[in-house]
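Asks: Sharing a structure, written as structure tokens. Questions coming.
The values are calculated or read from the model by the stated rules, or taken from the named source; none is laboratory data. What you see is a predicted model, and the numbers here were worked out from it, not measured in a lab. As a convention, Cβ positions derive from the backbone with ideal geometry for all residues, glycine included, and neighbour counts pool all protein chains shown. To get the accessible areas, we keep the full protein, side chains included, count just its heavy atoms, and leave off ligands, DNA and RNA. Shrake-Rupley method; radii C 1.70, N 1.55, O 1.52, S 1.80 Å.
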Amino acid sequence: MFNSNIENDTPTNAAANKTDKTGESKESPDSNLKSKLNNPLVLFGSLGVLALLVTLLLFNYLKSKKYKDTIQSQKEQLAQEQVRTETILEQTHHLEEVNQVKDKLFSIVSHDLKDSITSIKAFIDLLKEKNISQEEFKELIPELSENANNATSLLLNLLNWSKSQMQSLEPKPELFNIQEVFQSKISLVEQKVEDKRIVLIDESRRDFVYADRSMIEIVIQNLITNAVKFTSTGDVITVSNEDVDGKALICIEDTGVGISRENIEKLFIPNMAFTTVGTKNEKGTGLGLTIAKDLVELNGGRIWVESTENIGSKFYVELPKASPQI
């Protein structure tokens, strides 16, 4: 018979009362985790590890930021140093150019200008010392006048070229009739044209140019003087102007000695002062076309040449006819 005092175990009670082989009760994983979380040492330890990780991350962030700031600061310093270096190099280059201008001016003054003035003085000394008669002196007057004109032209070129090289020229544009400039500059070379028995044809027409008149007068004078210089007896010089695409196109054409392709490339090079003697051994400084280029470009124009040796040359100048629209 069964003992009535023995109670039947339910499944729940059985699970709760399970023991291991050693006779000790066995806890479930959930209860084990809860007990660990309820343990203060584990909680504080986890918080400590978390705080340490946050501190390390913050330290690395601050260190990285400081490193980036240092690199940026060094980049800015390097950029500033580069700007200072470029400024110094630019100033050095400018000083070298100014020094070249000075050397060239001294060279021209000591040679070309000196020759003209010395020649004039020699004529005057001969007359003063009465080593030549009045009649003989009168025969020398054309040559004396030519030397004086050369010296004047040279001085004018030197002054304007040196100013343009020093960047002190500022154009004062105005509307003026280009035909009037042609006529005034042609009159200056009439004697030379007659002496060399050159045919000078004026095909200019009334038209207005917007530029600095005094600067353009220097350009036209240089181009006409050059044409006379490099033409011989029977050669023809033609000056003309026309409207091309709303701009004034000036042309000084001659049937003179022409220019080689190699020398054409040297004509407008700054600080080169390329020059050759004329058909009657006329001397020059080589500054005329350099000045012309500077002055034309200052007035918003351009200048170029087309030439063939022993055939002749055509110098073109393009200038605005109205104030540029802003």
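Asks: Considering 242, 265, which residue is of a type in the set (D, E, K, R) and modelled with pLDDT of 85 or more?
Replies: It is 242.
Asks: So which residues in the range 283-326 are out of contact with any strand residue (DSSP E or B) (no Cβ under 7 Å at 6 or more places or on another chain) and either modelled with pLDDT of 90 or more or open to solvent by 30 Å² or more (accessible area, probe 1.4 Å) (or both), if there are any at all?
Replies: Within the range 283-326, 283, 294, 297, 298, 308, 309, 310, 311, 324, 325, 326 qualify.
Asks: Scan the range 216-275 for residues that are in contact with a strand residue (DSSP E or B) (Cβ under 6 Å, 6 or more places away or on another chain) and of a type in the set (Gly, Ala, Ser) and jot them down.
Replies: Of everything in the range 216-275, those that are in contact with a strand residue (DSSP E or B) (Cβ under 6 Å, 6 or more places away or on another chain) and of a type in the set (Gly, Ala, Ser) turn out to be 227, 240, 248, 256, 258.
Asks: Scan the range 154-180 for residues that are of a type in the set (S, T, N, Q), open to solvent by less than 40 Å² (accessible area, probe 1.4 Å) and at pLDDT below 70 and jot them down.
Replies: Once the filter is applied, which keeps residues that are of a type in the set (S, T, N, Q), open to solvent by less than 40 Å² (accessible area, probe 1.4 Å) and at pLDDT below 70, the range 154-180 yields 157, 160, 162, 164.
Asks: Moving on to the next point. Residue 187: outside any strand (DSSP E or B) and under 29 Å from the mean Cα position of the chain (by Cα), yes or no?
Replies: Judged against the criteria, residue 187 is not a match.
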